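Visitor: The structure follows.
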Amino acid sequence: MTPHPAPALPEPGRPASDPHFPSLHRVHPRGWINDPNGIHCHDGRWHVYFQHNPRSTVHEQIEWGHMSSHDLVTWREEPAGPRPRPGEADRGGCWSGVGLVVDGVPTLVYSGVDGVDDQLSRVILQRGDAQETRWTPVPGTVADVPEEPGLFGLRDPFLLELDGRRFAVQGAGLARPDGTHVPAILGWDATDLEDWRYLGPVLTGEHPVAAEHAPAQLWECPQLVPVDGRWVLMLSLWSLAEGPGAGRDTDAVTFLHGDLALQDGRLAFTPAGGGVVDHGPDFYAPQAVRDGDRTLLWGWSWEGGGLDSEQAAAQAAAQGWAGALTLPRALHLRGDVLVSSVPEELRALRAGEVPVPGDGAGLDLPAPARAEARAAAGLRLERVRADGTAETLLGPVEGDATLLADAGILELLPADAPASTLRVRVEDGEHLRVHGEDLQVWELAVPSADRERRSMLA
């Protein structure tokens with residue numbers, strides 16, 4: 001990411017009247033948000049952390065923002081999680097990591113960067129109180145930079161269990177003697193959460209299946225989880241910055257499915273196939289978490305939308321906020337395709353069904369649109385400009401599909417194809433129009449006993 005000078009934020013409260021603000025997706029009204037982190041359920045309450053800069057709309061001095069929910073629908077802002085600590089390994093920022101509950105104690109594990117060489121992070125562990133309002137770091141680091149030949153990038157720890165044992169993986173990049181750069185996943189024995197033991201590479205981009213489906217110079221945010229009985233490794237693709245404005249290709253997330261096993265005491269992942277997690281263009285660095293028999297996923301959606309880095313930075317500074325997390329999704333494998341569906345809990349967002357005209361002309365959604373649309377086939381979303389001309393933003397999709405619209409963020413979830421996530425600005429005089437066979441549309445609103453819902457057709 002190309003750094004920009006930190007702009008001052010607009011006055012507090014502005015996002016409440018900002019027509020582009022995704023109020024169903026985002027609780028914190030101001031500042032920068034990126035990767036979802038530390039997601040876990042504790043005592044019946046979901047805790048979602050994320051990289052956050054509450055002071056500005058740029059990625060710097062990152063701490064962990066925090067929100068929680070009992071139902072995946074009604075979220076509240078919580079006290080921040082880990083923050084940079086002067087003189088410690090995370091003095092430059094608290095970057096990506098995971099959350100878990102160990103013997104009843106909430107625990108966060110994350111990448112700490114020193115602000116000098118942020119490509120090589122250290123792993124830090126903090127334990128929280130029962131309400132997750134105060135955090136106590138374990139002194140030092142639980143995993144340092146290993147002695148792996150050619151290692152030029154290391155970050156984003158992820159924890160998993162295999163054969164009753166706890167392991168960790170990190171995303172990495174390796175420089176080979178011939179001058180090439182190869183992405184890699186490195187493995188650790190994390191039986192002792194306070195003292196990890198390095199095991200070596202789990203997979204590199206030199207494997208032909210990985211080279212086909214996940215080409216990169218470094219793999220970020222590895223998520224290694226079971227989905228429908230198979231191991232799935234999700235990878236965010238990163239390349240070395242070259243030239244002005246480079247280093248911003250954070251829009252490609254792919255996956256590999258295959259076998260995970262212990263071989264001579266080491267973790268080894270053997271991919272059999274793969275594909276796209278989300279077509280984007282505004283989706284990156286997702287986090288997956290097991291919830292009983294299902295796997296849920298949140299992603300980061302940023303101000304891309306075809307803007308160059310300078311335009312995006314100026315837009316974010318003007319509005320006073322940047323970035324959002326997607327709504328949670330449930331993951332499924334359809335053959336070799338990883339698809340996303342709407343969790344049942346999100347039906348509580350439906351504030352009422354909207355009549356759909358029977359003339360096939362589609363349904364106009366007033367701005368800011370907060371709606372769910374489902375169609376048996378041909379779901380398509382257009383932006384209708386003030387002069388009446390229309391452009392297709394998403395679709396058409398063959399087969400069943402669901403669209404979730406929340407002002408400035410759109411999520412398209414086909415039943416048999418990868419998802420797509422798009423940030424959009426619907427300006428004055430414009431609106432969205434949705435088409436599809438057997439189309440159903442619902443207005444979306446956070447359930448509230450003390451608020452009268454506004455009708456979309458009023």
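Visitor: Could you check the simple spin-label distance between ASP43 and GLU437, using points 7 Å along Cα→Cβ, in nm with one decimal?
Guide: Taking the two extended label points, one gets 5.1 nm.
Visitor: HN-Hα J couplings of the stretch 282-296 from phi, Karplus 6.51/-1.76/1.60, θ = phi - 60°, integer Hz, Gly and Pro as x?
Guide: Working through the residues one at a time gives 10, 8, 7, 6, x, 10, 10, 8, 7, 9, x, 8, 10, 10, 9 Hz.
Visitor: Once you have the Cα-Cα distance between THR389 and THR191, take 0.36 nm times their residue separation minus that, and quote the gain in nm to one decimal.
Guide: Values: separation 198, 0.36 × 198 = 71.28 nm, distance 5.98 nm.
That pair, THR389 and THR191, stretches by 65.3 nm at full extension.
Visitor: Test of understanding: what is the full-extension gain from ALA361 to ARG76, defined as 0.36 nm times their sequence separation minus their Cα-Cα distance? Provide the component values of the computation, followed by the final result.
Guide: Details: separation 285, 0.36 × 285 = 102.60 nm, distance 3.88 nm.
Result for the pair: 98.7 nm of gain on full extension.
Visitor: Right, another one. Quick one: dipole size for the chain, taken about the Cα centre, charges +1 on Lys/Arg Cβ and -1 on Asp/Glu Cβ, in debye to the nearest 20.
Guide: 720
Visitor: Counting other Cβ atoms within 10 Å, which trypsin sites (Lys or Arg not before Pro) in the stretch 108-149 have at most 16 and lie in a DSSP loop? Let's see the in-between values first.
Guide: Values: sites: ARG122, ARG127, ARG134; in loops: ARG134.
Within the stretch 108-149, the qualifying trypsin sites (Lys or Arg not before Pro) (loop, at most 16 other Cβ atoms within 10 Å) are ARG134.
Visitor: Of GLY436, PRO418, GLY320, whose Cα points farthest to the positive end of the dipole of the chain (charges on the beta-carbon: +1 Lys, Arg; -1 Asp, Glu; origin at the Cα centre)?
Guide: GLY320
Visitor: What accessible area per residue comes out for the chain, rounded to a whole number of Å², with a 1.4 Å probe?
Guide: Details: 18250 Å² over 458 residues.
Accessible area per residue, the chain: 40 Å².
Visitor: Assuming R0 = 41 Å, can you tell me the calculated FRET efficiency for the pair ARG83 and ALA348, based on Cβ-Cβ distance, to the nearest 0.05?
Guide: On the way: r = 33 Å, r/R0 = 0.80.
Efficiency computed from Cβ-Cβ geometry: 0.80.
Visitor: Give me the percent of the accessible area of the chain that comes from carbon and sulfur atoms, probe 1.4 Å, all protein chains in place. Show your work: numbers first, answer last.
Guide: Values: 8880 of 18250 Å².
In the chain, the share of accessible area belonging to carbon and sulfur is 49 percent.
Visitor: Here is a further query. How big is D, in µm² s⁻¹, for the stretch 88-169 by Stokes-Einstein at 10 °C and 1.306 mPa s if Rh is the Kirkwood radius over C-alpha pairs?
Guide: Numbers: Rh = 13.5 Å.
The diffusion coefficient I find is 117 µm²/s.
Visitor: Shape call for the stretch 101-221 from the C-alpha gyration tensor, a ≥ b ≥ c root eigenvalues: rounded (a/c under 1.5), prolate (a/b greater than b/c) or oblate?
Guide: Details: a/c = 2.34, a/b = 1.74, b/c = 1.35.
Because a/c hits 1.5 or more and a/b exceeds b/c, the stretch 101-221 counts as prolate.
Visitor: If packing is taken as the average number of other Cβ atoms within 10 Å across a peptide's residues, how do 346-354, 226-234, 48-56, 295-303 rank, most packed first?
Guide: Working: 346-354: 16.2, 226-234: 18.4, 48-56: 22.6, 295-303: 25.2.
In descending order of packing, they fall as 295-303, 48-56, 226-234, 346-354.
Visitor: Please compute, for the alpha-carbon atoms of the chain, the extent along each of the three principal axes and give them in descending order in Å.
Guide: Here the Cα extents, ordered largest to smallest, are 65, 48, 48 Å.
Visitor: For the stretch 70-130, what is the convex hull volume of the alpha-carbon atoms per residue, in Å³?
Guide: Values: hull volume 6.8 nm³, N = 61.
In the stretch 70-130, the Cα convex hull volume per residue is 111 Å³.
Visitor: Still on this model: Calculate the FRET efficiency for THR270 and ASP293 from the Cβ-Cβ distance with a Förster distance of 25 Å, rounded to the nearest 0.05.
Guide: Numbers: r = 24 Å, r/R0 = 0.97.
The value I calculate is 0.55.
Visitor: Mean 1/r over all different Cα pairs, inverted: what Kirkwood radius does the stretch 307-368 give, in Å?
Guide: Working: mean 1/r = 0.0612 Å⁻¹.
Its Kirkwood hydrodynamic radius stands at 16.3 Å.
Visitor: Would you calculate the separation in nanometres between label points at ASP103 and LEU162, each defined as 7 Å from the Cα along the Cα-to-beta-carbon direction?
Guide: About 2.6 nm separates the two model spin labels.
Visitor: What's the magnitude of the charge dipole for the stretch 178-301 around its Cα centre, counting Lys and Arg as +1 and Asp and Glu as -1 at the beta-carbon? Answer in Debye, nearest 20. If you can, show how the numbers build up before the last one.
Guide: Details: 6 positive and 18 negative charges, 31 e Å.
Its charge dipole is roughly 160 debye.
Visitor: Still on this structure, please answer the following. Based on the mean of other beta carbon atoms within 10 Å per residue, what is the order of 172-183, 397-408, most packed first?
Guide: 397-408, 172-183
The values are calculated or read from the model by the stated rules, or taken from the named source; none is laboratory data. Quick caveat, the model's predicted, so the values are computed rather than measured. Neighbour counts are summed over all protein chains in view; Cβ atoms, including those assigned to glycine, are modelled from backbone coordinates with ideal geometry. Accessible surface areas use protein heavy atoms only, side chains included; no ligands, DNA or RNA. Shrake-Rupley method; radii C 1.70, N 1.55, O 1.52, S 1.80 Å.
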